[in-house]
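In what follows, a structure is listed as structure tokens, so that the remarks can point back to it.
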Amino acid sequence: MTEKTCPFCSPRLHERILLRNELAFAVYDINPVSKGHTLIIPFRHVAGFFDTTPEEKSAFMELSVRLRELLDQRYHPSGYNFGVNIGHDAGQAVMHVHLHLIPRHPGDAHGKGSGMRYVIPPQQVRQEKLSDY
């Protein structure tokens, strides 16, 4: 994926910016898993999180704090998932790094487990076993 074909580099996406700072911006995810699911994206076209600069990582964190305040006011979640998919096998569909901030609400997991561990099928069983502690 080049900068010219990247949906996160599109000027149309930049029209939907919720929050921004000098190095990154936040938008609602177009395929949300919950109301308020947002993405934090660097302006610079870079594929992976580990390829970002220390300044970009700081910009992501600064935006995540401000974004959480905005989402708390709008959606009143009881928790959040915050993460990044790095590489195709980890589920990264757009090869321009982006962090997910996903508001969570009681009962929205529709199953016995929830959280990051529950997205990997073999770990679902392990999570259920861990609940015995």
Task: Ranked by how many other beta carbons lie within 10 Å on average, peptides 40-47, 55-62, 11-18 from highest - done: 40-47, 55-62, 11-18
Open item on the list: Quick check: pseudo-label points 7 Å beyond the Cα along Cα→Cβ at LYS4 and ASP89, how many nm apart are they?
Closed with: 3.2
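Since every read-out is calculated from the coordinates, none of them should be taken as a lab result. What you see is a predicted model; the values in this text were computed from it and never measured. Because the Cβ atoms are built from the backbone with ideal geometry, glycine has one as well, and the counts that use them run over all protein chains shown.
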